[in-house]
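Here's the structure we're looking at; comments come further down.
The values are calculated or read from the model by the stated rules, or taken from the named source; none is laboratory data. Values in this document were obtained by computation on a predicted structure and should not be read as measured data. Please note: Cβ atoms are built from the backbone with ideal geometry, for glycine as well, and neighbour counts cover all protein chains shown. Protein only, heavy atoms only, side chains kept; ligands, DNA and RNA dropped before computing areas. Shrake-Rupley method; radii C 1.70, N 1.55, O 1.52, S 1.80 Å.
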Amino acid sequence: MLKAIVVKACGSLLESLRDLAPVVVVIGVFQLVVLQQPIPNLLDLAWGTAMVVIGLTLFVQGLKLGLFPIGETMAWDFARKGSLLWLLAFAFSLGFGTTVAEPALIAVAEEAAEVAANGGMIDTTETARTAYAEGLRYTVAFAVGLAIVIGVLRILRGWPIQYLIIGGYLGVVIMTIFAPPEIIGIAYDSGGVTTSTITVPLVTALGVGLASSIKGRNPMIDGFGLIAFASLTPMIFVMGYGILI
């Protein structure tokens, strides 16, 4: 038993090393061959890379053992319960909660608040920066929660995803014309940072589990696509936030 666990752990570490190898090769080639400069802080870089490999290995195993199963199980349970209201409430809460906790969004919101303060868009006080960052975070989180609700309804009703996505991006283009220039870049970046380490596994598991539990739905066709909505709606809401604020 112990031998099997060790073998599996070593295999997972090797997979993580294989996944990170192209990044290491690219950095090494450009640093040594193109720039022709020694790699700074080589020991710190090697130690950091080792920590990334270990962290990535544990993260992937955590997804396989915990997040994916619980997302699919809860989707099955809600589908069997037959309550649309509770299913939509769970979908919104899942999208909102995972997005608020998303480290990438926290970092982007804080950086946006700092830049806005330095640019004179808001007061330079700590209170103003905190309020701006939190307002941005909660706006994006609400948008993602709404996006997951729309995605769940699409799975339940069998709506074609392409029409919803095309309509959404047309809305993004139109709002880009009217939104303040200072907020457009932040809005587009917000659509990307929401689909990160916490949100993607749980939302994907929810979609696949829900599609698997409904008769007539194909998990491959209907189970995926929730992340597309989670990337789209924050751009609309953040530009709306910029227009209002």
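Could you identify the single residue in 186, 177, 243 that is without any contact (Cβ under 8 Å) to a residue 24 or more places away in the chain and part of a helix (DSSP H, G or I)?
177
Find all pairs meeting these conditions: Cβ atoms under 6 angstrom apart; at least six residues apart or on different chains; first residue within segment 200-220 and free of Cβ contacts under 8 Å to residues at least 24 places away in the same chain; second residue surrounded by fewer than 22 Cβ atoms within 10 Å (Cβ to Cβ) and part of a helix (DSSP H, G or I).
219/208; 219/212
I need every pair where a residue in segment 126-142 that is over 17 Å from residue 182 (Cβ atoms) has its Cβ under 6 Å from the Cβ of a residue that is surrounded by fewer than 21 Cβ atoms within 10 Å (Cβ to Cβ) and at pLDDT 90 or above, sequence separation at least 6 or different chains.
Close Cβ pairs satisfying both conditions: 141/96.
Answer yes or no: is there a residue in segment 123-137 that is surrounded by 17 or more Cβ atoms within 10 Å (Cβ to Cβ), touching a Pro at 6+ places or on another chain (Cβ under 9 Å) and among the charged types (D, E, K, R).
No, segment 123-137 contains no residue that is surrounded by 17 or more Cβ atoms within 10 Å (Cβ to Cβ), touching a Pro at 6+ places or on another chain (Cβ under 9 Å) and among the charged types (D, E, K, R).
For segment 226-245, enumerate the residues that are open to solvent by less than 20 Å² (accessible area, probe 1.4 Å), within 11 Å of residue 147 (Cα to Cα) and not aromatic (Phe, Trp, Tyr).
Within segment 226-245, 226, 230, 232, 233, 234 meet the criteria.
On the basis of being touching a helix residue (DSSP H, G or I) at 6+ places or on another chain (Cβ under 8 Å) and in a helix (DSSP H, G or I), does residue 227 make the cut?
Spelling it out, residue 227 is indeed touching a helix residue (DSSP H, G or I) at 6+ places or on another chain (Cβ under 8 Å) and in a helix (DSSP H, G or I).
I'd like to know if segment 42-49 contains one or more residues that are at pLDDT below 80, open to solvent by 60 Å² or more (accessible area, probe 1.4 Å) and not aromatic (Phe, Trp, Tyr). Explain how you work it out, then say what you get.
If we filter segment 42-49 for residues that are at pLDDT below 80, which is where we start, we get 42.
In the following step, the residues that additionally are open to solvent by 60 Å² or more (accessible area, probe 1.4 Å) were identified as 42.
Add one more test, that the residue is not aromatic (Phe, Trp, Tyr), and what stays is 42.
Within segment 42-49, one or more residues are at pLDDT below 80, open to solvent by 60 Å² or more (accessible area, probe 1.4 Å) and not aromatic (Phe, Trp, Tyr).
Inside segment 197-224, can you point out the residues that are closer than 25 Å to residue 171 by Cα, open to solvent by 10 Å² or more (accessible area, probe 1.4 Å) and either among the β-branched types (Val, Ile, Thr) or part of a helix (DSSP H, G or I) (or both)? Quick ask: steps written out before the conclusion?
Let us first name the residues in segment 197-224 that are closer than 25 Å to residue 171 by Cα, namely 199-200, 203-204, 207, 221-224.
Retained after the next criterion (residues that are open to solvent by 10 Å² or more (accessible area, probe 1.4 Å)): 200, 204, 221-222, 224.
Across segment 197-224, the qualifying residues are 200, 204, 221, 222.
Consider only pairs whose beta carbons are under 6 Å apart and that are at least six residues apart or on different chains; among these, list those whose first residue lies in segment 97-112 and is touching a residue at least 24 places away in the same chain (Cβ under 8 Å) and whose second residue is surrounded by fewer than 17 Cβ atoms within 10 Å (Cβ to Cβ) and of a type in the set (Ser, Thr, Tyr).
Final answer for the pair search is 102/196; 104/196.
Counting only residues that are within 23 Å of the chain's Cα centre (by Cα) and open to solvent by less than 40 Å² (accessible area, probe 1.4 Å), which one in segment 168-183 is farthest from residue 233 (Cα to Cα)?
That would be 183.
Could you tell me whether residue 60 is surrounded by 10 or more Cβ atoms within 10 Å (Cβ to Cβ) and modelled with pLDDT of 80 or more? Give the derivation first.
Numbers: surrounded by 10 or more Cβ atoms within 10 Å (Cβ to Cβ): yes; modelled with pLDDT of 80 or more: no.
No.
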